[in-house]
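Enquirer: Take a look at the following structure, please.
The values are calculated or read from the model by the stated rules, or taken from the named source; none is laboratory data. Keep in mind it's a predicted model, so treat the numbers as computed, not measured. Positions of Cβ are generated from backbone atoms using ideal geometry, with glycine treated the same way; all protein chains shown enter the neighbour counts.
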Amino acid sequence: MAPLVPIFSAEALPDHVSIVRKNFQERRRKGGPVELEKCKLMEMVQYSCNPPQDGIPAPGVVVCKPVVRLFRRCANGLTVETTAWEPIRLEEEAKRKAAESSSKVNSK
Amino acid sequence: MSRILRETLRRATPGGVFRLTLDGVGLFCACTLIWEHLITVQLSEGPSMYPTFNPRGDYLLISRVHKHGRGIEVGDVVRFYHPTFLGVNGAKRVIGMPGDFVCRDLPFSTEVGKSQEMIQVPEGHVYVGGDNLPWSRDSRNYGPIPMGLINGKIIARVWPLSKAQWVQNTMQPAQLDD
Amino acid sequence: MGCVMYERLRVLRILAPIVPIGLFFSEHVLGVMWVSGPSMTPYLNEDYEQMHTKRDMVLVNMWPWGGAGWPWERTRRLERGMVVTFRSPANPGHIAIKRVVGLPGDRITTRDPCMKPSQIVPFNHVWLEGDAADPKRSLDSNTYGPVSISLITGRVMAVMYPRFRMLKWTDWEQGLVEGDVERKLGDNYRHEVRDRVSKEAVKLERPVLS
């Protein structure tokens, strides 16, 4: 079994990205905070073929559904899986844009 | 026939037999060392890496130079000693290297990221996942595995010949438009 | 001139099989390792306090526990008290030496860096700890959890330098240290470690409501 690691929610991801673990102790990452939005977006496709929830398929029939994992690869070599965080980021951006456009309308 | 037998008996001096056994043992040891440190071929089994590998079994070419995680990146398929079963090897794709962050899903889940939980891969460990998510027993079951368990990188499928191809690293720049 | 070359080639030809046999032997049968670090004091590296550079040399038996099986079977016969070498889960390039304190099914009361107060050792894993009295001097299972038996590479059979002594793991249960004639290490060596191990706890803890 692996060492005990803390689990955190995807919303707190930007905070946790700047923690680095060396010798099993937590330290702040050197060189300033990591901005996930600026890191390069990568994807990896895996599959979900004939899952047991879908019942027993006809013999010889294989139905595969692609599952996409999204990653952000940053300059210092860090790879962060953002499959759960990207929707949160898009929602926040949409909210921010809506707030900005409504404030523009108000000021006019 | 009897002439061949007489010839070999004449050559079978104690010194000659000793040299022959020494050469034989040396050759066996050299082959074992190559098999363990350079290159290996093994038959796979199981549905956890479909469609990359056939569930009926493919013969895979494994580079032993990459043991203990040397030169491994996210997206490579690695072979490792199974953490929970002695004497068995597992083959899965690397999702996270030490220090990276990965989504923590329930075992045998068909989707990624649904539970909104994330962990950081501890140092010296890798997080592995099979390509056929609902049929793969991987790090969602037994947690990140120590890199010391990795004994090679799977680089190609060599048999059946019609399907011989290199095993790709499927991590690539995103092609979505959002 | 030609004769000397021929002689050299002949010598090389005879020595050629010795190299792979030697490498195979040192990797799969018996090997020698130097112990560095204070985590196994005073059992190994007794003089760590005075001389950080003087390292003990140990003989490691890599054959699966003295004939418990052929190399391809990968069976392991491990006992509590054995000192084993293994690939460190913290650093895969480094081979570490620690003592087996708990076998699968034991419940261990953990000490310092470990965040959970007690852990059960899962199937196919062992609990390794260093002998050092101060838990901060030892990077072991209290930091990285139970270690998979697949990581273990060999068992320490004897210390070769400075003094030759064969290590007998059976003495661990009685608290004896072989070769310790002057009783420098006291009676009942490290009994506090054995007291923290509840042997085969899974057989005793019954998962029923009663």
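Enquirer: Go over the candidates A:V5, A:V20, A:V62 one by one and state the one that is in contact with a Pro (Cβ under 6 Å, 6 or more places away or on another chain), at pLDDT below 90 and either within 9 Å of chain B (Cβ to nearest Cβ) or within 26 Å of B:D76 (Cβ to Cβ) (or both). Can you show your working first?
Expert: On the way: A:V20 fails: in contact with a Pro (Cβ under 6 Å, 6 or more places away or on another chain); A:V62 fails: in contact with a Pro (Cβ under 6 Å, 6 or more places away or on another chain).
Every option except A:V5 fails the conditions.
Enquirer: Among the numbered criteria (1) surrounded by 15 or more Cβ atoms within 10 Å (Cβ to Cβ); (2) at pLDDT below 85; (3) not polar (S, T, N, Q), which one does C:E49 miss?
Expert: Among (1) surrounded by 15 or more Cβ atoms within 10 Å (Cβ to Cβ); (2) at pLDDT below 85; (3) not polar (S, T, N, Q), C:E49 violates only (1).
Enquirer: What number of residues within segment A:79-108 are surrounded by 11 or more Cβ atoms within 10 Å (Cβ to Cβ) and outside any helix (DSSP H, G or I)? Step through it out loud before you land on a result.
Expert: The first filter runs over segment A:79-108 and keeps only residues surrounded by 11 or more Cβ atoms within 10 Å (Cβ to Cβ), leaving A:79-90, A:92-93.
Checking which are outside any helix (DSSP H, G or I) leaves us with A:79-84.
The qualifying residues number 6.
Enquirer: From B:G69, B:G99, which residue is within 8 Å of chain A (Cβ to nearest Cβ) and modelled with pLDDT under 90?
Expert: None of the others qualify; the one that does is B:G99.
Enquirer: Continuing with this model, one more query. Which condition from (1) facing chain C (nearest Cβ under 9 Å); (2) of a type in the set (G, A, S); (3) within 14 Å of the chain's Cα centre (by Cα) is the one that B:S44 breaks?
Expert: (1)
Here's the yes/no breakdown for (1) in contact with a strand residue (DSSP E or B) (Cβ under 7 Å, 6 or more places away or on another chain); (2) crowded, with 16+ Cβ neighbours inside 10 Å; (3) outside any strand (DSSP E or B):
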site	(1), (2), (3)
B:R10	no, no, yes
B:R19	no, no, yes
B:E36	no, yes, yes
B:V65	no, no, yes
B:G71	no, no, yes
B:G75	yes, yes, yes
B:R79	yes, yes, no
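Enquirer: Mind checking which residues of segment A:76-108 are among the hydrophobic types (A, V, I, L, M, F, W, C) and either in contact with an Asp or Glu (Cβ under 6 Å, 6 or more places away or on another chain) or within 14 Å of chain B (Cβ to nearest Cβ) (or both)? Break it down stepwise before answering.
Expert: As a first pass, look at segment A:76-108 and keep what is among the hydrophobic types (A, V, I, L, M, F, W, C): A:78, A:80, A:84-85, A:88, A:90, A:94, A:98-99, A:105.
Within segment A:76-108, A:L78, A:V80, A:A84, A:W85, A:I88, A:L90, A:A94 qualify.
Enquirer: Answer with yes or no whether B:P107 is assigned to a loop (DSSP other than H, G, I, E, B), closer than 30 Å to A:D15 by Cα, facing another protein chain (nearest Cβ under 7 Å) and over 12 Å from the mean Cα position of the chain (by Cα).
Expert: Considered against the rule, which asks whether it is assigned to a loop (DSSP other than H, G, I, E, B), closer than 30 Å to A:D15 by Cα, facing another protein chain (nearest Cβ under 7 Å) and over 12 Å from the mean Cα position of the chain (by Cα), B:P107 comes out as no.
Enquirer: Ok, one more. Can you pull out every residue in segment B:140-178 that is within 14 Å of chain C (Cβ to nearest Cβ) and part of a loop (DSSP other than H, G, I, E, B)?
Expert: B:G143, B:P144
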